[in-house]
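We did not get these values from a lab; they are worked out from the coordinates using the rules stated. A quick note: this is a predicted structure, and the numbers were derived from the prediction, not measured. A quick note on method: Cβ atoms are made from the backbone with ideal geometry, for glycine too, and the neighbour counts reach across all protein chains shown.
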């Protein structure tokens, strides 16, 4: 069975500091991996996705993530945090690809950005 | 191009009642998935509809049922509501043979 673990339910950084949100997955077959962001009282917006192409994936708003098979990790990073990055972030795995398979989400990490 | 739309935005029901939530996918998308997001949790997959049939189902009881119409829009029905059904219900649509789900803003259901 597939699963996702997000380490740290709450991360706080200063504006301009590095953002690092951790995600580890479990999958018996090569996974598709996703990072979504959710702003208060809104749905989910896709930040980036890994679909077995390049292991370093660049997304929107300056975020990127690196797929590391040996560590079963897909951590999300951004070099310099902005106040507008404050939101909840979800890592998700899908075995069959998003269109045919369901997404399994982690519990989320709430990112706070201090001025 | 309108994104995924859901109605209503908010809903308050009492235990034992039934509720119907609606979703219109993005133009050109033929697959609709439903998720339940309890407070402080990640979304959990309920089921997915494709070509008007339930293609996959998560670990939810039969009280949760759905439907997809010929225009690809979808409904989620929940019978005999429980307090624990209070959550944000998210709909996601996907174009054929594409590996990305586009989410709507959700319907916030409160069961009293």
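Values computed for the structure shown
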| quantity | calculated |
| --- | --- |
| Equivalent ellipsoid dimensions for region A:37-78 as semi-axes, Å, which come from the Cα gyration tensor, largest first | 22, 11, 9 |
| Chain B: relative contact order in percent, alpha carbon pairs under 8 Å with at least 6 residues between | 37 |
| Whole-Å semi-axes of the ellipsoid equivalent to region B:18-112 (Cα gyration tensor, √5λ, descending) | 22, 14, 11 |
| Rounded FRET efficiency, nearest 0.05, which uses the C-beta distance separating residue A:45 from residue A:80 and R0 of 25 Å | 0.80 |
| Size descriptor, Kirkwood hydrodynamic radius, that averages inverse alpha-carbon separations across region A:13-53, Å | 12.8 |
| Residue with peak Gaussian network fluctuation, chain A [Cα springs, cutoff 10 Å], from A:16, A:62, A:43 | A:43 |
| The protein assembly as shown pair-distance distribution - Cα-Cα, 5 Å bins, rounded % | 1, 7, 15, 19, 19, 16, 12, 7, 3, 1, 0 |
| Whether region B:4-63 is rounded, prolate or oblate, judged on the alpha carbon gyration tensor where a/c under 1.5 counts as rounded | prolate |
| Sequence of B:110, A:109 once ranked by neighbouring C-beta atoms within 10 Å, starting from the fewest | B:110, A:109 |
| Among B:20, B:31, B:94, residue whose mean-square fluctuation peaks in a GNM of chain B (springs only between Cα atoms under 10 Å) | B:20 |
| Per-q log10 I(q)/I(0), chain A, q = 0.12, 0.23 Å⁻¹ (Debye; single scatterer per alpha-carbon; no solvent) | -0.38, -1.36 |
| Ranking of A:75, A:82 by count of other Cβ atoms within 10 Å, fewest first | A:82, A:75 |
| Chain B: most fluctuating residue of B:65, B:33, B:74 per GNM, C-alpha cutoff 10 Å | B:65 |
| Rg(Cα)/(2.2 N^0.38 Å) for region B:63-112, N = residue count | 1.34 |
